[in-house]
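Q: Here you go, one structure.
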Amino acid sequence: MGLKHHGFIDLPESVGKGGFDHAAVDRDRGLLHVAHTANDALDVINIRTDMYVRSIPNLKGVAGALVYEPLGLVFSSNRGENSVGLFALNSMVSVKVGVGMRPNGLAYDPGRGILLCANVGDPDLPGSASITVVDVATRTALATVSMPGRTRWTVFDPRQQVFFVNIADPFQIVVIDPQRPDRVVKYFEVPARGPHGLDLDESRHRLYCACDAGTLVALDSYSGHTIDSLELSGVPDVIFLDPELSRLYVAIGEPGVIDVVDVAAWKRVEIVATERGAHTIALDATIHRVYAFLPESHRAMVFQEVA
């Protein structure tokens, strides 16, 4: 297998600073939503035609995007206004719910209808990093809980029915039980500086944590025990697992590459060039296609796994 360049998708030029951030794919409807932070908008791409469709505006400092496909829900974390946006895929208007300071990471518990937002906080305000738990049906924040340090990305484990949240410093992954959202129920120590990107491998019961130290760490998702680690090409950001192919894609903004890791063999198998500053990606695991977002040329670069 190999990740081959498939084409480009032109996106709106950036009007401010910040480029692109997290993205999410709705495979059922053939749409991709990417946070265009510089434009305070979510850009929407038709991934069946590889064409830009529209932008959803008025999401100040938008940093995160998440899709729950069965109900056609889209969530955004709006760092510039301390809110999350909740809207249907056919809507251009979101309902906004106030959360903690500078929201970023998003994860969703579909059984309980709970959205967790990881708020990075302000480094000049000790104790401002937090998580906020939102009831999606009532559009209300249920609890905001202080975290031990700056939060990064978060994922939900449907088997254990818990959220995992990366903490940059101290180097930890914290476990949040949505039935007891006012506390941390477990702390997993991460043996590398700056836990950042995070994804879950349900079949292997592993968490993959990409760290600022340029290290990828695999941990047991039940015990938190460190299984292994490997060196990356640089400082990572967004990561996505393709479970069928056992491929983990790691976006690295400098020098502008995607590290491709075979998680079954636990080795890096490719380094694929993107563009300087391209620190975020999206994955359509159904057709094994990866999208890298290029801040300098205002495009999405499309890659396809081929035999």
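Q: Considering only DSSP states other than H, G, I, E and B, which chymotrypsin sites (Phe, Trp or Tyr not before Pro) in region 202-249 qualify as loop sites with at most 16 other Cβ atoms within 10 Å?
A: Y222
Q: Hey, another quick one. Work from the charge dipole of the chain (Cβ charges, +1 for Lys and Arg, -1 for Asp and Glu, about the Cα centre) and give the residue of G64, A213, P195 farthest towards its positive end.
A: Positive-end residue among those listed: G64.
Q: Report, for the chain, the % of DSSP beta bridges that are antiparallel, rounded to 5.
A: Given both bridge residues lie in the chain, the antiparallel proportion sits at roughly 100 percent.
Q: Among [x] 1.04; [y] 1.00; [z] 0.93, which one is Rg/Rh (Cα atoms, Kirkwood Rh) computed from these coordinates?
A: The value computed from this structure is option [z].
Q: Considering only C-alpha atoms, what is the centroid distance from region 197-221 to region 18-68, in Å?
A: 25
Q: Now a separate question. Can you give the relative contact order of the chain as a percent, counting alpha carbon pairs under 8 Å and 6+ residues apart?
A: Relative contact order of the chain: 13 percent.
Q: Does region 177-302 classify as rounded, prolate or oblate by the C-alpha gyration tensor (a ≥ b ≥ c root eigenvalues; a/c under 1.5 gives rounded; else a/b over b/c gives prolate, otherwise oblate)? It would help to have the intermediate numbers written out before the result.
A: Working: a/c = 1.66, a/b = 1.60, b/c = 1.04.
Prolate is the answer for region 177-302, as a/c is 1.5 or above and a/b outweighs b/c.
Just so you know, all these numbers are worked out from the coordinates, no wet-lab data involved. Source: prediction; values computed, not measured. Glycine gets a Cβ as well: all are built from the backbone with ideal geometry, and neighbour counts include every protein chain shown.
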